[in-house]
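Single-structure report; data block below.
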Amino acid sequence: MANAEVEEEVQVEVAEGYTITEFCDKMIDVFLNEKPKTKEWRKYLVFREEWNKYRESFYSRCRRRADAESDPTMKQKLISLGQKLKKIDEEMERNGELLKEIQDSPTDINAIVTRRRKDFSEEFFRYLTLLSETFDGLEDRDEMSRLGARCLSAVSAYDNTLDIVDSLDSAQAKFDDILNSPSVDEACEKINSLAKAKQLDSSLILLINAAWASAKESPTMKNEVKDIMYRLYKATKSSLRSIAPKEIKLLKYLLNIADPEERFSALATSFSPGDEHEAKHPKALYSTPKELLKWIKIMLDAYHLNKEETDIREAKQLIDPVVIQRLFILKETIEEEYLERGIVQKPQTEDDGKSDES
């Protein structure tokens with residue numbers, strides 16, 4: 001009965017001039033000899049609909065040929081081929097299912113990342129790149145690049161979620177709106193508009209910085225995605241010059257205090273503006289531990305990502321090792337003394353802020 005089934009399968013023509021068995025033998029030859037590297041196999045398996053038509057026949061043919069092979073070396077090659085290809089096949093199947101889930105619920109990317117963070121792996125972003133390369137139209141490729149950028153930003157945001165949890169959804173919504181712009185130029189203009197409207201907040205800046213850092217370091221992301229993220233990052237840096245946030249001025253003041261005890265005392269005062277009836281210095285600046293920590297990270301991002309090109313004037317001054325050390329100490333102090341202990345700060349008013357602008 002088994003022989004009859006094999007014979008029947010041989011007679012079925014699946015492509016011009018090829019029966020199913022001949023087609024599988026041809027693919028086995030391609031994978032073993034013409035394209036022996038596993039990264040090349042993915043380029044074939046990315047066509048899921050087509051591959052699914054032949055996958056079971058292919059694995060069955062591998063097993064039958066391995067069972068019938070008398071040469072031990074070739075026998076092991078066939079067994080290994082079936083095992084390795086099946087592993088990649090299952091990986092790409094998972095990636096395809098994840099992509100479908102994202103496409104079915106594009107506004108729920110944050111929730112999907114939270115639930116399936118481990119599935120947003122290097123292989124998943126490689127899968128998006130491979131899939132994008134199969135599209136003929138530039139519009140389809142661009143759409144996939146933007147989806148990859150949104151996934152990247154959501155993953156970066158999730159990995160830093162403890163730091164920006166309160167404003168994550170709002171920042172992500174703004175970032176998604178930026179990425180959905182018809183062109184990169186219009187996306188950059190949206191960033192400029194947010195800055196002018198005082199809505200380019202620290203959480204959004206951290207999100208854009210993190211997305212560019214991830215894209216820059218990723219060996220699997222397409223250059224189109226990296227270009228998008230780099231231009232958004234540059235537009236954000238340029239816009240920072242028009243914001244002049246009070247936290248930057250506060251950090252400049254704190255970093256200029258040489259005595260550690262005096263610096264920590266000034267830091268504590270910056271988080272405790274006091275009662276409303278108390279007289280305040282007209283140029284005093286106050287902030288909260290969480291907000292000041294965000295701006296410390298933004299300045300460190302600007303320093304680490306691009307020391308030579310940063311548009312944050314204060315970040316250019318961080319070349320001094322002593323200043324960098326003080327900034328790291330401030331960061332650790334805020335994290336350990338104020339955030340980890342759960343110190344509750346009083347709400348700020350519009351005029352709140354600490355230390356003299358100098």
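The values are calculated or read from the model by the stated rules, or taken from the named source; none is laboratory data. Because the structure is predicted, anything quoted here is derived from the model rather than measured. A quick note on method: Cβ atoms are made from the backbone with ideal geometry, for glycine too, and the neighbour counts reach across all protein chains shown. Remember, those area values only see protein heavy atoms, side chains included, never the ligands or the DNA or RNA. Shrake-Rupley method; radii C 1.70, N 1.55, O 1.52, S 1.80 Å.
Largest first, the three principal axis extents of the alpha carbons in the range 181-243 are 36, 23, 15 Å in whole numbers.
The listed peptides 122-133, 77-88, ordered by packing as a protection proxy, come out as 122-133, 77-88 (highest mean of other Cβ atoms within 10 Å first).
Each peptide among 196-209, 213-226, 95-108 gets the average number of other Cβ atoms lying within 10 Å of its residues, and from highest to lowest they stand as 196-209, 213-226, 95-108. Extension gain, Ser121 to Asp25, is 31.3 nm, computed as 0.36 nm per intervening residue step minus the present C-alpha separation. With both labels modelled 7 Å from their Cα along Cα-to-Cβ, the Glu101 to Gln199 distance reads 3.1 nm. Counting only protein heavy atoms and using a 1.4 Å probe, what share of the accessible area of the range 181-243 belongs to carbon plus sulfur, as a whole percent? Percent of accessible area from carbon and sulfur atoms in the range 181-243: 51. Each label was represented as a point 7 Å from its Cα along the Cα-to-Cβ direction; for Lys53 and Asp227 these points are 3.4 nm apart. Computed with a 1.4 Å probe over protein heavy atoms only, the accessible surface of the range 181-243 comes to 42 Å² per residue. Pairs from the list Lys174/Lys252; Lys226/Lys297; Lys118/Lys246; Lys39/Lys294; Lys37/Lys118; Lys100/Lys226 with a Cα-Cα gap above 31 Å: Lys118/Lys246; Lys39/Lys294.
Per residue, the accessible area of the range 11-104 comes to 61 Å², computed with a 1.4 Å probe over protein heavy atoms only. Eigenvalues of the alpha-carbon gyration tensor of the range 11-104, scaled by 5 and square-rooted, set the equivalent ellipsoid semi-axes at 25, 17, 11 angstrom, largest first.
FRET efficiency for the Leu32 to Ser265 pair, using the beta carbon distance and R₀ = 56 Å, is estimated at 0.20. Roll a 1.4 angstrom probe over the protein heavy atoms and tell me the percent of accessible area of the range 11-104 that is carbon or sulfur. With neighbouring chains kept in place, the figure for the range 11-104 is 48 percent.
Peptides 113-120, 294-301 ranked from most to least packed give 294-301, 113-120, packing being the mean of other C-beta atoms within 10 angstrom over each peptide's residues. Computed from the Cβ-Cβ distance with R0 of 30 Å, the FRET efficiency linking Lys43 to Leu138 stands at 0.90.
The label-point distance for Glu332 and Ser170, in a model that sets each label 7 Å from Cα toward Cβ, rounds to 3.2 nm. Projecting the Cα positions of Cys62, Ala210, Gly96 onto the charge dipole of the range 58-217 (unit charges on Cβ atoms of Lys, Arg, Asp and Glu, taken about the Cα centre) puts Cys62 furthest along the positive direction.
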